[in-house]
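Engineer: Once you've had a glance at the structure underneath, I'll fire off some questions.
The values are calculated or read from the model by the stated rules, or taken from the named source; none is laboratory data. Only a predicted model underlies this, so the values are computations on that prediction, with no experimental measurement involved. Here the Cβ positions follow ideal geometry from the backbone for every residue, glycine too, while neighbour counts run over all protein chains shown. All accessible areas refer to the heavy atoms of the entire protein, side chains included, with ligands and DNA or RNA removed. Shrake-Rupley method; radii C 1.70, N 1.55, O 1.52, S 1.80 Å.
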Amino acid sequence: MLVDSTMAKRELLEDGRARLPPGQFLTKRFPVLTYGSTPKVELGGWTFNVSGHGLKEPMEWSMDEFLALGEHETTRDFHCVTTWSRYDNTWAGVPIGSIWSLIEPHLTDEVGAVMLHCTCGYTTNLLIEDFLKEDNLFATHHDGKPLTPDHGGPLRFVCHHLYAWKSPKWVNGIELLSNDARGFWERNGYHKRGDPWAEERYAYQE
Ligand SMILES: Nc1nc2c(c(=O)[nH]1)N[C@H]1C(S)=C(S)[C@@H](COP(=O)(O)O)O[C@H]1N2
Ligand SMILES: [Mo]
């Protein structure tokens, strides 16, 4: 169902930007956008892994261990580069701050960016300041229900202030990087950063 985008365009964020980013339309639906098919995530041997630049030793958690690291709930808007936006998504899961506070003490060098990895092979890169934005989380629930497999269940990272391809489904790892690199869509024509308000859609705009 489409909703009236004329009204939506007049709504402003606290900092004065339009709530609906340029070139976006509003929908109440929750479309599924996946490159390839939905993987079946088996929790038996599942681990969440942190490795890469500046980390003395790789870190690893089982799902139970990971979910025990913290709790956070937030209601935020979601913007896909294919131009649909969905307002007021309530995400719940483990906040980025809880994870980072366990990683940071083990770092021997500065981390400039991360590459997030998924069971299906999908990857996406984030600058460290975008990755650590308050309110980012590893979500297990959406609008009060466990995330369905199509939407990234059992675990997906959610980064609200960038286009939705920066919110990887079936996430299972963080690779720490000294400098920014390119993930799957970023190597296939999409923008390295993807700020919806700056309409950073394509790589040629960089
Ligand atoms: N693992 C994985 N994560 C992914 C994708 C994907 O293909 N694989 N697609 C991205 C894109 S392009 C979008 S718009 C959102 C869509 O999330 P949804 O299917 O839950 O609406 O997931 C992002 N995360
Ligand atoms: Mo997307």
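Engineer: When ARG201 is evaluated against the numbered criteria (1) of a type outside the set (Asp, Glu); (2) within 15 Å of ligand 2 (Cβ to nearest atom); (3) buried (at least 20 other Cβ atoms within 10 Å of the Cβ), which criterion, by number, is the only one it fails?
Structural biologist: (3)
Engineer: Name the single residue that is farthest from ligand 2 (Cβ to nearest atom) among those in the stretch 113-164 being in contact (Cβ under 8 Å) with a residue 24 or more places away in the chain, open to solvent by less than 20 Å² (accessible area, probe 1.4 Å) and small (Gly, Ala, Ser).
Structural biologist: Taking the candidates together, the pick is ALA113.
Engineer: Further question: If you take the residues in the stretch 25-38 that are more than 7 Å from ligand 1 (Cβ to nearest atom) and out of contact with any helix residue (DSSP H, G or I) (no Cβ under 7 Å at 6 or more places or on another chain), which one is nearest to TRP185 (Cα to Cα)?
Structural biologist: Filtering the stretch 25-38 for residues that are more than 7 Å from ligand 1 (Cβ to nearest atom) and out of contact with any helix residue (DSSP H, G or I) (no Cβ under 7 Å at 6 or more places or on another chain), the one nearest to TRP185 (Cα to Cα) comes out as SER37.
Engineer: May I pose another question? Please determine whether any residue of the stretch 53-73 is over 15 Å from the mean Cα position of the chain (by Cα) and within 16 Å of ligand 2 (Cβ to nearest atom).
Structural biologist: The answer is no; no qualifying residue exists.
Engineer: Let me ask something else about it. Restricted to the stretch 56-100, and to residues that are touching a residue at least 60 places away in the same chain (Cβ under 8 Å), open to solvent by 30 Å² or more (accessible area, probe 1.4 Å) and within 15 Å of ligand 1 (Cβ to nearest atom), which residue is nearest to GLU199 (Cα to Cα)?
Structural biologist: Here the answer is THR83.
Engineer: Quick check on my filter: what residues within the stretch 150-176 are under 24 Å from LEU43 (Cβ atoms), more than 9 Å from ligand 1 (Cβ to nearest atom) and more than 11 Å from the chain's Cα centre (by Cα)?
Structural biologist: GLY153, PRO154, ASN172, GLY173, ILE174, GLU175
Engineer: Filter the stretch 70-102 for residues that are part of a strand (DSSP E or B) and hydroxyl-bearing (Ser, Thr, Tyr); which is nearest to VAL32 (Cα to Cα)?
Structural biologist: Here the answer is SER85.
Engineer: OK, next. Mind telling me which of the residues GLY23, GLY44 ends up being at positive phi, assigned to a loop (DSSP other than H, G, I, E, B) and open to solvent by 30 Å² or more (accessible area, probe 1.4 Å)?
Structural biologist: Just one listed residue meets the conditions, GLY23.
Engineer: Inside the stretch 101-112, can you point out the residues that are among the small types (Gly, Ala, Ser) and either within 16 Å of ligand 2 (Cβ to nearest atom) or crowded, with 16+ Cβ neighbours inside 10 Å (or both)?
Structural biologist: GLY112
Engineer: Tell me which of these HIS53 doesn't satisfy, since it passes every other one: (1) modelled with pLDDT under 95; (2) open to solvent by 50 Å² or more (accessible area, probe 1.4 Å).
Structural biologist: The failed condition is (1).
Engineer: Another question about this same structure. Being charged (D, E, K, R), surrounded by fewer than 21 Cβ atoms within 10 Å (Cβ to Cβ), within 16 Å of ASP77 (Cα to Cα) and in contact with a His (Cβ under 9 Å, 6 or more places away or on another chain) is the requirement here; does ASP195 meet it? Reasoning before the result, please.
Structural biologist: Working: charged (D, E, K, R): yes; surrounded by fewer than 21 Cβ atoms within 10 Å (Cβ to Cβ): yes; within 16 Å of ASP77 (Cα to Cα): yes; in contact with a His (Cβ under 9 Å, 6 or more places away or on another chain): yes.
Taking the combined requirement at face value, the residue satisfies it.
Engineer: Follow-up. Could you give me the residue pairs with C-beta distances under 9 Å whose first residue belongs to the stretch 194-206 and is touching a residue at least 60 places away in the same chain (Cβ under 8 Å) and closer than 13 Å to THR83 by Cα, whose second residue is open to solvent by 40 Å² or more (accessible area, probe 1.4 Å) and polar (S, T, N, Q) wherever it lies, and which are 6+ apart or on separate chains?
Structural biologist: GLU199/GLN205
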